[in-house]
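Enquirer: Here it is: the structure, laid out below.
The values are calculated or read from the model by the stated rules, or taken from the named source; none is laboratory data. From a predicted model like this one, the values you see are computed outputs, not experimental measurements. Positions of Cβ are generated from backbone atoms using ideal geometry, with glycine treated the same way; all protein chains shown enter the neighbour counts. What goes into the accessible areas is simple: the full protein's heavy atoms, side chains included, and nothing from ligands, DNA or RNA. Shrake-Rupley method; radii C 1.70, N 1.55, O 1.52, S 1.80 Å.
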Amino acid sequence: MVFKLSNHLDLLLPAVLDTSVHNRESFSCGVKELDLFLQTKARKEGDHNLNKTFVLTLKVDPSVIVGYYTLSNKQILVGDLPQELTKKLPKYNSLGATLLGRFAIDAKYQHDYCPGLGFGKILLTDAKLRAWKASQSVGSFALIVDILVGEKGDPSEFYRKYGFLPFPSDTTKLFLPMATIEKTLRHASLIS
């Protein structure tokens, strides 16, 4: 499936990383840890089902990775969530969640170089859609982000712009309840 951004730039919708097609070596987002993960660990971790890496690529050259993210399972302690969210939940110690573990856009396609194209929003929407769909088969209370402050700074504001909330006891972790994700996906007509 193709996502058309302009007359000059068409993207293929995010797909699972395929090292026989996607060129990981040329990817550079400016945060060394994120670059190295894609280049050296993503395939192996995917093969072991530790996480899945999804890549956004160009239609004209599907080997070019514009951006990527990973999803995996995670447990969160109920006591770490805001009390107003947990007061109606069953008395469990922990809940299943989905971890948005890594998230990066190649430097050539970041906002400073391609303003207004919204590659981050495209990837995040895809991650939310995949997480929500998975939650329909395997329970997941929320989408979780562990903030990586790298060479490019703190990305927290990007996530907060899309409704992510901080954990009261740990501001390096953000979450977006699956119920909120469902509402935003319905509002965008991405699910019925």
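Enquirer: I'd like the full set of residues that are touching a residue at least 40 places away in the same chain (Cβ under 8 Å) and open to solvent by 50 Å² or more (accessible area, probe 1.4 Å), limited to the stretch 174-185.
Expert: GLU182, THR184
A quick yes/no check of all residues on (1) of a type in the set (Phe, Trp, Tyr); (2) modelled with pLDDT of 95 or more; (3) closer than 27 Å to GLN136 by Cβ:
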site	(1), (2), (3)
HIS8	no, no, no
VAL31	no, no, no
LYS59	no, no, no
SER63	no, no, no
TYR69	yes, yes, yes
VAL78	no, no, yes
PRO82	no, no, yes
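Enquirer: Is there a residue in the stretch 86-99 that is over 28 Å from THR171 (Cβ atoms), among the polar types (S, T, N, Q) and at pLDDT below 95?
Expert: no
Enquirer: Exactly one condition in (1) out of contact with any Phe, Trp or Tyr (no Cβ under 9 Å at 6 or more places or on another chain); (2) open to solvent by 60 Å² or more (accessible area, probe 1.4 Å); (3) of a type in the set (A, V, I, L, M) is not met by VAL16; state its number.
Expert: (1)
Enquirer: Can you pull out every residue in the stretch 30-49 that is under 11 Å from ARG102 (Cα atoms) and either in contact with a Leu (Cβ under 6 Å, 6 or more places away or on another chain) or among the polar types (S, T, N, Q) (or both)?
Expert: ALA42
Enquirer: Another one. Say we look at the stretch 147-163 and pick out the residues that are open to solvent by less than 50 Å² (accessible area, probe 1.4 Å) and within 12 Å of the chain's Cα centre (by Cα); which of these is modelled with the highest pLDDT?
Expert: TYR159
Enquirer: Further question on the same structure: Scan the stretch 20-46 and report the pairs whose first residue is closer than 15 Å to ILE105 by Cβ and touching a residue at least 60 places away in the same chain (Cβ under 8 Å) and whose second residue is of a type in the set (A, V, I, L, M, F, W, C) and assigned to a helix (DSSP H, G or I), with Cβ atoms within less than 6 Å and a gap of 6+ or a chain change.
Expert: Hits for this filter: PHE27/LEU38; SER28/ALA107; CYS29/ALA107; GLY30/ALA107.
Enquirer: Does the stretch 164-173 hold any residues that are in contact with an Asp or Glu (Cβ under 6 Å, 6 or more places away or on another chain) and surrounded by 13 or more Cβ atoms within 10 Å (Cβ to Cβ), and which are they?
Expert: PHE167, LYS173
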